[in-house]
1. How far, in degrees from 0 to 90, does helix 67-83 lean away from the longest principal axis of the Cα atoms of the chain, to the nearest 10?
2. State the number of lysine pairs found in the chain whose Cα atoms come within less than 28 Å, restricting to pairs 8 or more positions apart or on distinct chains.
3. Please determine, in degrees from 0 to 90 and to the nearest 10, the orientation of helix 50-63 with respect to the longest principal axis defined by the Cα atoms of the chain, where the helix direction is its Cα long axis.
4. Quote to one decimal, in nm, the extra length available between residue 40 and residue 87 on full extension: 0.36 nm per residue of separation minus the C-alpha distance between them.
5. Could you state, as a whole-number percent, how many of the C-alpha pairs of the chain are farther apart than 25 Å?
6. Between rounded, prolate and oblate, where does the stretch 68-111 land on the alpha carbon gyration tensor, with a ≥ b ≥ c its root eigenvalues, rounded for a/c under 1.5, else prolate if a/b exceeds b/c?
7. Please list 11-20, 75-84 highest first by mean number of surrounding beta-carbon atoms within 10 Å per residue.
8. Using r as the Cβ-Cβ distance of residue 77 and residue 122, and R0 as 35 Å, what FRET efficiency do you calculate, to the nearest 0.05?
Amino acid sequence: MVRIAGIDLPDNKRAEIALTYIFGIGRSHSNMILDEAGVDKSQRMKDLTMDEVSTISKIIQDKYVVEGDLRKQVQMDVKRLMEINCYRGIRHKRRLPCRGQRTHTNARTVRGKRSVVVGKKRKK
């Protein structure tokens, strides 16, 4: 099993897809990394040599912010928005959608599971 940036990459996947298991690397970045390293995109991870793996990991380490550092950076960006009380920061504080989606009926992903409100009993 190949380990890059602290993540175990699956052996049976193509290199192009396997690199996307690293947080912060998508398909386009994985293609750029493999082109720069001179590795065939359709080659399986288990078929890569140690030199190719070390080249890929060096490229990722030098040019990209991934995994823990990227998560920390995103978290700090959201925290900054909340501290300066901009619109997006306020929406984050209230746990509501930040990008203009409607909230009257939808937004269950952000707001969480629907809570059941029990009505009052009528006196007879």
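Please treat every number below as a calculation from the coordinates, not as lab data. Worth saying up front: this structure is predicted, and the values here are computed from it rather than measured. Every residue, glycine among them, receives a Cβ derived from its backbone with ideal geometry; neighbour counts consider all protein chains shown.
1. 30
2. For the chain, the number of qualifying lysine pairs is 17.
3. It works out to around 50 degrees.
4. Result: 12.4 nm gained on full extension.
5. On the way: 3813 of 7626 pairs.
For the chain, the share of Cα pairs beyond 25 Å comes to 50 percent.
6. On the way: a/c = 3.11, a/b = 1.67, b/c = 1.86.
Verdict is oblate for the stretch 68-111.
7. Numbers: 11-20: 17.4, 75-84: 12.0.
Most protected by this proxy first, the peptides run 11-20, 75-84.
8. Working: r = 51 Å, r/R0 = 1.46.
After rounding to 0.05, the efficiency reads 0.10.
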